[in-house]
Amino acid sequence: MNFSPTVPYHQLQPEQIGVKPPGFQIFNDVRLGVVKLQIADLERSLDYYQKVIGFKLKNRDDTPNKRSARLATLGGEVLLELVEKPGVRFAPHRGRLGIYHFALLLPSQGDLGRFLANALTFGHVGQSDHHYSEATYLVDPDGITIEVYRDRHRAEWRVTSDGEVFGGSGPARYDGFKRGSGSATVARFTCWHDHGASAFLCW
């Protein structure tokens, strides 16, 4: 496959990068609100999202036929709501209907390394280098994919001469994540929070 020649991101002026439709503007600090997921078994999902992903239980409602829970970061920001619906079907991989995945952004490669070291103790974790970011992919008990990633510094980005950001899906290097995480060991699932990390939903 042939790719257009690329240059460092900062070699172009900001107005040269990306496509800017007339009259359209989005602010840099735009964030999504709480993501609401329909799941088959509340206890099973709570166990997964706390142990593997690292969320903390904020509150729950055990009203019969209306069981739900809200999960937050250690700082208390609610990012995820789980709503139990017994019998809900497992989400097919890349199915035509329903959610494809949601993503959680971590601040640094070290935070991602600590997260990955913990997640790998629970099973397989997919990894990908998108050139502008490094990402890991997990599948929850209901088949919903979760991307946990970190953005590369823009000084590392490459763009084409006409301003298109270069991306891809190459294999990520776990040894790079390990180096970035330093000498800290992950003894418990919140360790990636303990090093000053904060996460927020991206899409």
The stretch 58-136: GluC sites (Glu not before Pro) in DSSP coil with no more than 16 other Cβ atoms inside 10 Å: Glu77
Near-label residues of the stretch 134-175 by backbone N, under 18 Å of a point 7 Å along Cα→Cβ of Asp47: 139-144
In nm, spacing of pseudo-spin labels at Phe90 and Lys56 (7 Å Cα→C-beta vector): 3.4
Label-point separation, Glu81 to Gln13 (7 Å along Cα→Cβ), nm: 4.6
Cα centroid separation - the stretch 36-82 against the stretch 125-153, whole Å: 20
Distance between modelled label sites at Gln38 and Glu164, nm, 7 Å Cα→Cβ extension: 3.8
Packing-based ranking, highest mean first, of 23-35, 40-52, 121-133 given that Cβ atoms within 10 Å are counted: 40-52, 121-133, 23-35
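Each value in this text was obtained by applying a stated rule to the coordinates, not by laboratory testing. The structure presented is a predicted model; accordingly, all values stated were derived computationally and were not measured. Positions of Cβ are backbone-derived with ideal geometry, glycine not excepted, and every protein chain shown enters the neighbour counts.
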